[in-house]
Amino acid sequence: MPNPATPSPDSPYDGLQALARTLWLPALITSAGDTVRRLADLPRWRDALQAGELPPPDADLGDAALFAPLREAVGDLALPALARGVPALAEQVLRTLLWHADRVIDRAPGEPRADAIARAVQAFRDEWKVERGAWDETLALLRGLGDMRALRWDELQGLLRAREWREAQRLSTLLERLPALVDLLRRLGRREVALAPRASAPQPAPAGREPPKPMRVVETRLPDAPGEVTGIRLSDRLERQLGAEAALMRHRVGHKLWRAKRAEARLLTWESEAVLTDLRPDPQAHHRARTAPPPPQPLERGPIVVCLDTSGSMSGAPEQIAKAVVLQALRTAWHERRGCRLIAFGGAGEIVERDLAAGAAGLHALLDLLGQGFDGGTDIQGPIERAVETVHDAAWAGADLLIVSDGEFGCTRATLERLDTAHTGLGLRVQGILIGDRETMGLMEVCDDIFWVRDWRRFGHAAHTTGGDAASFSPVHSKSLTALFFPNALSERAARHRPT
């Protein structure tokens, strides 16, 4: 057995194992500092930057005169906050830090080392003032789209210079004008009970069931228990003493008074009281009318399956809103640790299915979609069947289906029957987002609820040239034109959306 006290034969270079391969070369060839200290302190710098903090002052890599002002420059530029949670950015900060530190040895003959250090620190500041640019806003969006720990620096740089990323930034500002749409995506799924369930009128109870027993609310008050502060009293409880009393403890004279007050239990302390509330049967209350049991509580915050219409009729402003919905779906899923699957569909056989998972894969899938144009026909049968197959998977249990479309499609009876089976057996709900002027029979038959983006025209490119009022004008007063003017044309399924 090797002796733990015996140093490793690879020492100190065994410390490279704690660093990324991209840091090995600058860590070895940098002339500043001491090799042993440098290999020991660089992991401390990296961990601190990823945590959004400055490294401790003693992590000076063996050259305090050089790395102390560099550490100060890192703090002044707020680089720890920038690199928090982005390892690629933290490693780039360290690479540029070591590169500029290595320039000190190249000072001219007779030049004081302090002047060379000042020049290197200023060069480091100037480089990062240019480098960071609009990184704060960019990383705020980037962190909302997934885990950035798997991205390399070159991959991150290329990603942020792509046209698709500029499109994502533009769509992010568009979402600020659609708060109702953002809230709708939060409510999708069936894994948690909604905080504000919808109230419904009581229904007559089926025959043969016992009426509910009257209940009354009983409050039990527990004095001196943790809870609401009700006042101030005299006691010797140290954990409840007021700040004025605690200040006497360290006073050179006042501590004698504090000890006397404690001995006599005359310290000023908080008084609190806990209140427990429970329901108990009330034999004196009148029996209520027999009612049905309350409906099940609404559920939310589960996986999301997005069926996105990419047909030619969606080009223009509907395309921009549809892409913004997918962007927000990924942000919501990542922030709340939910699954998100995208099924983009066009004509017959044109289906692209991707998981918008956290990390680089999901981000690249999103950017690929943002860089594509919408054209072709519309076939809803295939994507709905794929969505129904998805929710049968255990990993996607509790998922809701979201259809983003202008409604220009129809659905066969067989597909509707598959939806009914999933709704009955799995509780599947279908939420529609209508980006157009009217509902169609196909959309009304498929969706359980339809969210109408009425002013969709103001999000297109024409809105910038025609003006806000003209661009947001809608030629119809209601999306349910068929239900209003041709009510007898509605099928039994479509009649669910009859306006009230």
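The values are calculated or read from the model by the stated rules, or taken from the named source; none is laboratory data. On a predicted model such as this, the values are computed, not experimentally measured, just so you know. We place every Cβ from the backbone using ideal geometry, glycine too, and count neighbours over all the protein chains shown.
Some observations on this one:
- Options E91, E53; residue that is surrounded by 15 or more Cβ atoms within 10 Å (Cβ to Cβ) and either in contact (Cβ under 8 Å) with a residue 12 or more places away in the chain or out of contact with any Leu (no Cβ under 6 Å at 6 or more places or on another chain) (or both): E91
- In the stretch 61-76, the residues that are surrounded by 14 or more Cβ atoms within 10 Å (Cβ to Cβ) form Cβ pairs under 7 Å with partners that are in a helix (DSSP H, G or I) and aromatic (F, W, Y), at six or more places apart or across chains, as follows: L61/F67; L70/F124; A73/F124.
- Odd one out for V217 among (1) modelled with pLDDT under 80; (2) over 28 Å from P281 (Cβ atoms); (3) assigned to a strand (DSSP E or B): (2)
- From the options R413, R429, residue that is at pLDDT 80 or above and more than 22 Å from W452 (Cα to Cα): R413
- Restricting W270, W258 to residues that are among the hydrophobic types (A, V, I, L, M, F, W, C) and not in a strand (DSSP E or B) narrows the list to W258.
- Residues of the stretch 239-250 that are touching a Phe, Trp or Tyr at 6+ places or on another chain (Cβ under 8 Å) and in a loop (DSSP other than H, G, I, E, B): L242, M249.
- When D224, D236 are checked against the criterion of being surrounded by 12 or more Cβ atoms within 10 Å (Cβ to Cβ), at pLDDT 75 or above, at positive phi and not assigned by TED's automatic domain parsing to the domain that holds R341, a single residue qualifies: D224.
- For A118, the criteria (1) touching a residue at least 60 places away in the same chain (Cβ under 8 Å); (2) outside any loop (DSSP other than H, G, I, E, B) hold in every case but one, which is (1).
- Selection within the stretch 106-120 - touching a helix residue (DSSP H, G or I) at 6+ places or on another chain (Cβ under 9 Å) and at pLDDT 90 or above: R113, A114, A116, I117, A118, R119, A120
- Scanning the stretch 373-425 for residues that are assigned to a helix (DSSP H, G or I) and among the hydroxyl-bearing types (S, T, Y) yields T390, T415, T421, T424.
- Looking only at residues in the stretch 28-63 that are over 40 Å from the mean Cα position of the chain (by Cα) and among the hydrophobic types (A, V, I, L, M, F, W, C), the one that is nearest to F124 (Cα to Cα) is A32.
- Top-ranked residue of the stretch 384-443 - restricted to ones that are within 20 Å of L185 (Cα to Cα) and among the acidic types (D, E), ranked as nearest to the chain's Cα centre (by Cα): D400
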